[in-house]
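Reviewing the structure listed below.
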C-alpha cells in the first residue's frame, strides 16, 4: 500500500497597494510622484483644480504637492491660498490615513542651523518672505495636530525630467543644450543642495507610509557650487561665462541625518549626472 502525503491547499495572498491621493498632480513633483506610486502598485487619485474632493472624502495617504513655484512673487493671494488655506482645510474637511505636506529647505535662509528643529527667520515686511511664511504657517498648523501621521517634508532643489526653465539649473541646462553656452548671473562660489527627482519621490513615498518622525529634510546633504557646474559643462564642450561682480547666493548645507538614518543616504551626485541631464534636454530641444 502506498501512502501519499497530501498538502493542504495554500491560501493565495495578493498584496494590494495602498490608496494615495496626490494634490498638485500636474506639477513637477506631483506628476512624478503619481507615476512612481503607480509603478509601485499603489492606487493613486491624482488631484488637480478640476477634481477637488468633496467634504468627508476618504483619501487614504495624502501627499500635498500643490503650491506656487517661481511665480509666487506675482501671485501673492495664490501663494497664500495654495500653500496655507487649502492644505489646512483638507485637514478639517476630509478623512485620511496619513497626510504629508511638501515644504521647502528655503525656510533655513538666515537660520543658525538646518536641523529640522531649528528656529527659523522670516520678515513680514519683506514680500519675498511670503513663500516662507505660508510654508511655515502650514507646518506649524499641521504639526500642532495631535496626529503622528501628519508629517512635513522640506525639499531642497529637485532636478531631472525637466519640462520648463522654472528653476536655476533647468535654465542653465536648456541654455547649454540650445545655445551651446551658459552665462551665469551669480558668483561662481554660489552653491545649493540638489536632489534628483527619482530619489525625491522615492523618499516621499516611504515617509508617507512608514516614517517614524513628523518632519524631515529631503535633500542630498551636500552643496554643489556654480563653479563646479560650470567646470563640468566646460568639459562637455559648453562655453561658460560669469557676470562680473555678480551677487553671491549661497545656501546652507542641509542636515539630512534624520532621513539618512531611517531611509539611507542619497548618494546620487549632480556633477556625475550632468552629462545625462544635458543629453535629455538636448533630445527634448530637438523634438
If we ask which residues in segment 237-252 are free of Cβ contacts under 8 Å to residues at least 60 places away in the same chain and either within 16 Å of residue 272 (Cα to Cα) or buried (at least 16 other Cβ atoms within 10 Å of the Cβ) (or both), their number turns out to be 3
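Find the residue count for segment 166-220, including only residues that are within 22 Å of residue 240 (Cβ to Cβ) and part of a helix (DSSP H, G or I).
Of the residues in segment 166-220, 12 are within 22 Å of residue 240 (Cβ to Cβ) and part of a helix (DSSP H, G or I).
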Could you list all residues from segment 223-232 that are touching a residue at least 40 places away in the same chain (Cβ under 8 Å) and either closer than 15 Å to residue 156 by Cα or assigned to a strand (DSSP E or B) (or both)? 224
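Out of all the residues in segment 1-15, is one or more closer than 28 Å to residue 148 by Cα and at pLDDT 95 or above?
no
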With respect to residue 158, is the statement that it is in contact with a strand residue (DSSP E or B) (Cβ under 8 Å, 6 or more places away or on another chain), closer than 30 Å to residue 233 by Cα, touching a residue at least 60 places away in the same chain (Cβ under 8 Å) and crowded, with 17+ Cβ neighbours inside 10 Å true? yes
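Taking residue 71 as the residue in question, decide whether it is under 21 Å from the mean Cα position of the chain (by Cα), loosely packed, with under 14 Cβ neighbours inside 10 Å and either modelled with pLDDT of 95 or more or closer than 30 Å to residue 252 by Cα (or both). Before the answer, list the steps.
Numbers: under 21 Å from the mean Cα position of the chain (by Cα): yes; loosely packed, with under 14 Cβ neighbours inside 10 Å: yes; either modelled with pLDDT of 95 or more or closer than 30 Å to residue 252 by Cα (or both): yes.
Yes.
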Do we have any residue at all in segment 242-263 that's under 20 Å from residue 170 (Cα atoms), modelled with pLDDT of 95 or more and in a helix (DSSP H, G or I)? no
Answer with yes or no whether residue 25 is assigned to a loop (DSSP other than H, G, I, E, B) and at pLDDT 95 or above. yes
Pick out the one residue from 220, 203, 273, 213 that is in contact (Cβ under 8 Å) with a residue 12 or more places away in the chain, farther than 28 Å from residue 97 by Cβ and touching a helix residue (DSSP H, G or I) at 6+ places or on another chain (Cβ under 8 Å). 220
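The values are calculated or read from the model by the stated rules, or taken from the named source; none is laboratory data. These numbers come from a predicted model, not from an experiment. Every residue, glycine as well, gets a Cβ built from its backbone with ideal geometry; the counts of neighbours run over all protein chains shown.
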